[in-house]
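Below: the structure, in structure tokens.
Each value in this text was obtained by applying a stated rule to the coordinates, not by laboratory testing. This structure is a prediction, so every number in the text was calculated from the model and none was measured. Here the Cβ positions follow ideal geometry from the backbone for every residue, glycine too, while neighbour counts run over all protein chains shown.
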Amino acid sequence: EVRDRAAIALGFYAGLRIGEVLALEWHHLDFERRQIDVTQSAHDRTGEIQHTKTVRSRRFVPMNRKLLEYLEPFCEMSGPNPQGRVFVTPSGKPLIQRNLLRSLQQAQKKAGHSEIRTFHEARHYYVSRLIEKGFNIKRIATLIGHVDEALTLRVYGHLMNRSTRREQDFEDLSAAFD
């Protein structure tokens, strides 16, 4: 479903937490500036709006081309000037985490892919791509709403070490054959 693909893309291509995705309201999506205003989170079982995890979790996240490939068709389906929550059921109730995860797992089975156990794995994919592309740790921490760079390093440092080691191996091996 287009709605679910758009919601899941926000994890993979913007690094949002599942609660942040499900709490988005239409006014949080600024297609003109190509950014998402993350200001709130949805409770995992009830879908009730609550504050983000930390103050640093409130942030502007830039959109990218890949994310827009998923968001734009969903927005077009939603009609002109939609209001309220972005991700709702056909009856208009807020979508909750369990339902989104079930849709993700069903889509993976249908496509013959191994199951992602948690939505958070999509966020990890996003961060790993940023690390591979050489983003600095401070920028990554800001983009994903971590309280500080130390937390980002604790969670993703092993990926940074791997990326740095690969670069260093390349340089060392290149020098060996010059």
Expressed as a whole-number percentage, the relative contact order of the chain with C-alpha contacts under 8 angstrom and at least six residues apart is 27 percent
Env charge @ Asn99, Cβ radius under 13 Å, K,R +1 / D,E -1, value +2
Out of Ala150, Ala14, Ala23, a Gaussian network model of the chain with alpha-carbon springs under 10 Å gives the largest mean-square fluctuation to Ala150
With T = 37 °C, eta = 0.692 mPa s and Kirkwood Rh from C-alpha pairs, the Stokes-Einstein D of the chain in µm²/s is about 188 µm²/s
Sorted on mean Cβ neighbours within 10 Å (highest first), peptides 141-148, 53-60 come out as 141-148, 53-60
By the mean-Cβ-within-10 Å protection proxy, highest first, 39-52, 88-101 rank as 39-52, 88-101
For the stretch 27-75, the convex hull over Cα atoms projects on average to an area in nm² of 4.2 nm²
With R₀ set to 25 angstrom, the calculated FRET efficiency between the beta-carbons of His43 and Val2, to the nearest 0.05, is 0.50
The farthest towards the positive end of the charge dipole of the chain, of the residues Val147, Leu173, Leu101, given +1 on Cβ of Lys and Arg and -1 on Cβ of Asp and Glu, is Leu101
Quick calc, the chain, dipole around Cα centre from Cβ unit charges on Lys, Arg (+) and Asp, Glu (-), nearest 20 debye, gives 520 debye
Taking a crude spin-label model, label points 7 Å out from Cα along the C-beta direction, the Ser91 to Leu159 distance in nm is 3.8 nm
